[in-house]
1. Applying a 10 Å radius around every beta-carbon, put 165-175, 132-142, 186-196 in order of their mean neighbour count, most first.
2. Where both residues lie in the range 57-199, what percent of DSSP beta bridges are antiparallel, nearest 5?
3. By a straight-distance test (C-alpha under 26 Å), which lysines pair with Lys280 as possible cross-link partners, with residues fewer than eight away in the same chain excluded?
4. I want to verify the translational diffusion coefficient of the chain in µm²/s; compute it with Stokes-Einstein, Rh as the Kirkwood radius over Cα pairs, at 25 °C and 0.890 mPa s.
5. How much of the DSSP beta bridge set in the chain is antiparallel, as a percent to the nearest 5?
6. Listed highest first by mean packing, meaning other Cβ atoms within 10 Å per residue, what order do 147-158, 59-70 come in?
7. In the chain, if the dipole is taken from +1 on Lys/Arg beta carbons and -1 on Asp/Glu beta carbons about the Cα centre, which of Gln71, Phe164, Phe232 is farthest to the positive end?
8. Express the accessible area of the chain per residue in Å², computed with a 1.4 Å probe while the remaining protein chains stay in the model.
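The values are calculated or read from the model by the stated rules, or taken from the named source; none is laboratory data. Quick caveat: nothing in here was measured; it's all calculated off a predicted structure. Here the Cβ is made from the backbone with ideal geometry for all residues, glycine too, and neighbour counts use every protein chain on show. These accessible areas exclude ligands, DNA and RNA; they are computed on the full protein's heavy atoms, side chains included. Shrake-Rupley method; radii C 1.70, N 1.55, O 1.52, S 1.80 Å.
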Amino acid sequence: MINSRKLLAVAVVPFLAFTVACGSSEASEGGNETVRLGVVGASDPEWAVLTDAAAEEGIDLEVVDFAEYTQPNPALTEGELDLNQFQHLVYLARYNVSSGEDLTPVGSTAIYPLGLYSTKYKSVEEIPEGSTVAVPNDESNLARGLLVLQSAGLVVLKDGGSAFSTIDDVDEAASKVTVTTLEASLTPTSLPDVAAAIINNDFVQDAGLNFDDAIAQDDPTDPAAAAYVNIFASRAGEENNETYQKLVSIYQENQEVLDAVQETSGGTAEFLKVPVEELKTSLDTVEEDTRAQG
């Protein structure tokens, strides 16, 4: 998923428990703690299951839906949310560096493969030379998508590519296809007009596709994918809030929640429990790498 070996600071430790620190959260009238959680795709089944499971543990979870990836981090920064859960570490690092903010990981969820889909061709080999392929335009998923295309033999990236690759890094003369960028939610609707498109997991089933329709994808079990682990995020200083950690634990350990996540992901989720301090260390490393890119 990522080609920059500097980003391997995350030590992926599947299914390790972490310490829950003391904290406080706003209580509802019924005595439960209330948590506002921002997501992209609130209709996905895991959120209703998580809401019910959280209620049984004394947490009133309010799931707030956002249409685009650009929205939940500013909402969290401005205090409209307590947590969000939609992004991986690379995306969060880019947001923090570009905005000057310091949102921080609270807990890990899973790594998902990023796939290439087509309604015209059944294999990468069938894609004609000179045709157009769409990729998401947000920086982290753009770079990751380009690496998928390179692995599939569709493009050649200058210097081998990295988690910071952009369209300018595509060696057009050496590449089989032309790459165009679109907002992530629009890549599925572009399929009638392009040879293929990189489509984020959040939008695969909404587009009427199945995850096994992908004609190419990266490998979420590859150690190089560690910085693409998805996370719950909070404002800095709140990552050890007892209620937030309890919610993360419910997500990670409740089998009904995990089953619902697999339903949404078509069985592609690779669940991980990475200690918070290791997530923060990895985020720091990715942010340093991001700043070094200028």
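1. Result, highest mean Cβ count within 10 Å first: 132-142, 186-196, 165-175.
2. Rounded to the nearest five, the antiparallel share is 35 percent.
3. Straight-distance partners of Lys280: Lys6, Lys246.
4. Stokes-Einstein gives a translational diffusion coefficient of 126 µm²/s.
5. Restricted to the chain, the bridges split so that about 50 percent are antiparallel.
6. Output ranking for 147-158, 59-70: 147-158, 59-70.
7. Positive-end residue among those listed: Phe164.
8. 42
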